[in-house]
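Notes follow once the structure below has been shown.
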Amino acid sequence: MDIGTISLILLIGLFVLLAIGMPLGFASGFLAVAVLLMKFGPDLLFRSFGTGPLNILAQRMYGLMTDYVLISVPLFIFMACLMERSGIAKAMFDSLNIWLSRTRGGIAIVTAIMAIIMAAMSGIIGGEVVLLGLIALPNMLRLGYNQDLAIGTICASGSLGTMIPPSIVLIIYGLVTETSIHALFKAAFVPGFILGGCYILYIIYRTRRYPDQAPLPEGGDDVTMADKLRALPGLIAPLLIVFVVLGSIYGGITAITEAAGMGVVAVLILITLRGELSWSLVKEALMRTWKSTGTILWITFGATALAGAYTIAGGPTYVANLIIGTEFPTFGILLLMMLIFLLLGAVMDWVGIVLLVMPVFLPIVLKLPIDELGLTGALVAAPSFVAVWFGILFCVNMQVSFLSPPFGPAAFYLKSVAPPHITLPEIFRGFLPFIVLQLFVLALVLLFPEITMIFRS
């Protein structure tokens with residue numbers, strides 16, 4: 001069977017299996033075998049055991065799953081779960097809230113700042129959105145904040161873990177594309193904080209433009225400088241964790257995996273010093289870590305198998321010729337890729353997208369005229385940086401996907417802890433201004449690659 005027909009069957013089959021509720025990992029694994037059968041037939045597929053397509057596929061999966069950096073994923077998840085169940089995050093929120101008590105929209109700004117700090121500590125989003133929903137949402141609703149503003153702030157800010165290092169999305173992207181994770185972390189630093197800064201500026205503008213959407217709390221004038229100074233210790237623990245994790249990475253002291261391990265140890269020590277360490281806390285954190293890691297690994301198994309099978313069948317070459325054959329200009333090809341990322345992100349998990357799509361798209365991008373990437377030609381002097389830049393573009397796309405209906409995961413994370421009267425349509429409505437901000441930052445990174453090159457060594 002020709003690769004064009006196989007590609008069409010594969011695309012339809014993937015959406016059908018996902019539509020009927022089959023998990024992405026199992027759907028991908030099933031389609032991987034189907035692709036090999038359609039391309040090589042059962043005889044050729046199974047005849048040369050140990051040297052045929054199945055062996056190549058097994059070697060590809062083994063190489064990815066035994067990569068040392070992959071160990072950092074469960075470590076970062078475990079660190080985030082420990083913080084979620086301890087009082088570190090709550091103390092940070094209370095401390096920031098005291099300092100911004102007389103600022104209009106202060107709790108929303110505190111929520112965004114807290115989300116940025118937490119993203120720099122752990123690099124995941126699920127627990128962050130839930131935690132902010134438990135801590136910040138009741139306070140904002142109690143004070144009469146606009147519901148859409150509160151919802152959008154929590155979910156958009158809580159999704160920053162995909163962009164701000166140590167992002168697990170960047171780790172998986174680096175593993176799949178064999179791109180330096182250290183370089184990805186450096187490149188993502190500025191775009192991630194630009195995105196977080198855009199959220200804060202939007203909150204400030206909106207609350208000044210519509211003061212009734214963020215009433216000032218009563219009694220805020222009673223907060224003295226002495227109260228603010230007494231609240232400072234609540235910021236010590238999270239900032240110390242950020243320093244341990246990011247400081248060791250950017251300072252060249254440790255690699256990613258070792259930094260994750262140091263972060264876990266730092267969190268455990270801080271929890272112990274706070275008198276919160278217990279077997280139940282550790283057990284709950286471990287259970288959440290095992291479940292989250294297991295989900296990622298199953299998707300990785302299936303999606304890696306499917307991507308490998310499609311590569312063996314000649315799929316990437318077919319898609320590359322198809323896209324290049326459209327005779328779109330370079331910028332048009334990049335926009336088409338961004339659109340595909342956005343559409344897939346609305347219906348599929350980011351792990352599946354990076355494993356299935358990136359082996360096809362990245363080789364195409366690497367073959368595009370480098371002087372036509374971006375408006376300023378900044379990448380001409382650094383052709384090896386193209387894969388890093390494209391990885392940051394992918395991460396910004398995934399920021400949008402976490403808020404995109406119908407399956408934006410941030411909405412369902414928040415719904416699990418939100419008051420019953422807040423419906424999913426209302427949650428998605430609150431996302432709209434923040435999606436616009438995300439698309440603005442996506443355009444910035446697409447047009448001005450030098451944003452990602454500020455800390456390039």
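The values are calculated or read from the model by the stated rules, or taken from the named source; none is laboratory data. None of these values were measured; they are calculated from a predicted model. Note that we place each Cβ from the backbone using ideal geometry, even for glycine, and neighbour counts take in every protein chain shown. To get the accessible areas, we keep the full protein, side chains included, count just its heavy atoms, and leave off ligands, DNA and RNA. Shrake-Rupley method; radii C 1.70, N 1.55, O 1.52, S 1.80 Å.
Keeping to the range 192-224, report how many residues are at pLDDT below 90 and in a loop (DSSP other than H, G, I, E, B).
8
Yes/no matrix, rows are residues, columns are (1) touching a helix residue (DSSP H, G or I) at 6+ places or on another chain (Cβ under 6 Å); (2) within 24 Å of residue 187 (Cβ to Cβ); (3) of a type in the set (Phe, Trp, Tyr):
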residue	(1), (2), (3)
109	yes, no, no
119	yes, yes, no
131	yes, no, no
141	no, no, no
149	yes, no, no
152	yes, no, no
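Those residues that are surrounded by fewer than 15 Cβ atoms within 10 Å (Cβ to Cβ) and not in a helix (DSSP H, G or I), I need them from the range 258-295; list them, please.
274, 275, 276, 278
Conditions (1) open to solvent by less than 80 Å² (accessible area, probe 1.4 Å); (2) modelled with pLDDT of 80 or more; (3) in a helix (DSSP H, G or I); (4) farther than 30 Å from residue 262 by Cβ, marked per residue:
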| position | (1), (2), (3), (4) |
| --- | --- |
| 9 | yes, yes, yes, yes |
| 30 | no, yes, yes, yes |
| 50 | yes, no, no, yes |
| 61 | yes, no, yes, no |
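I'd like the full set of residues that are open to solvent by 10 Å² or more (accessible area, probe 1.4 Å), at pLDDT 85 or above and more than 14 Å from residue 97 (Cβ to Cβ), limited to the range 126-151.
Answer for the range 126-151, where residues must be open to solvent by 10 Å² or more (accessible area, probe 1.4 Å), at pLDDT 85 or above and more than 14 Å from residue 97 (Cβ to Cβ): 141, 144, 146, 147, 148.
Filter the range 362-378 down to residues that are in contact (Cβ under 8 Å) with a residue 40 or more places away in the chain and within 24 Å of residue 321 (Cβ to Cβ), then give me how many there are.
Residues of the range 362-378 in contact (Cβ under 8 Å) with a residue 40 or more places away in the chain: 362-364, 367, 372-376, 378.
With within 24 Å of residue 321 (Cβ to Cβ) added as a condition, the list becomes 362-364, 367, 372-373.
Counting residues in the range 362-378 that are in contact (Cβ under 8 Å) with a residue 40 or more places away in the chain and within 24 Å of residue 321 (Cβ to Cβ) gives 6.
From the residues in the range 191-224 that are closer than 30 Å to residue 266 by Cβ and open to solvent by 30 Å² or more (accessible area, probe 1.4 Å), which one is farthest from the chain's Cα centre (by Cα)?
Top of the filtered list is 200.
In the range 11-26, what residues are surrounded by 15 or more Cβ atoms within 10 Å (Cβ to Cβ) and more than 26 Å from the chain's Cα centre (by Cα)?
13 - this is the single residue of the range 11-26 that is surrounded by 15 or more Cβ atoms within 10 Å (Cβ to Cβ) and more than 26 Å from the chain's Cα centre (by Cα).
Considering only the range 325-367, how many residues are more than 20 Å from residue 162 (Cβ to Cβ), at pLDDT below 85 and of a type in the set (D, E, K, R)?
1
Any chance you could count how many residues in the range 296-315 are under 18 Å from residue 349 (Cα atoms) and open to solvent by less than 30 Å² (accessible area, probe 1.4 Å)?
Residues flagged as under 18 Å from residue 349 (Cα atoms) and open to solvent by less than 30 Å² (accessible area, probe 1.4 Å) within the range 296-315 amount to 9.
For the range 226-257, what are the residues that are closer than 15 Å to residue 165 by Cα, open to solvent by 20 Å² or more (accessible area, probe 1.4 Å) and touching a residue at least 40 places away in the same chain (Cβ under 8 Å)?
Listed by number, the residues that qualify are 239, 242, 250, 255.
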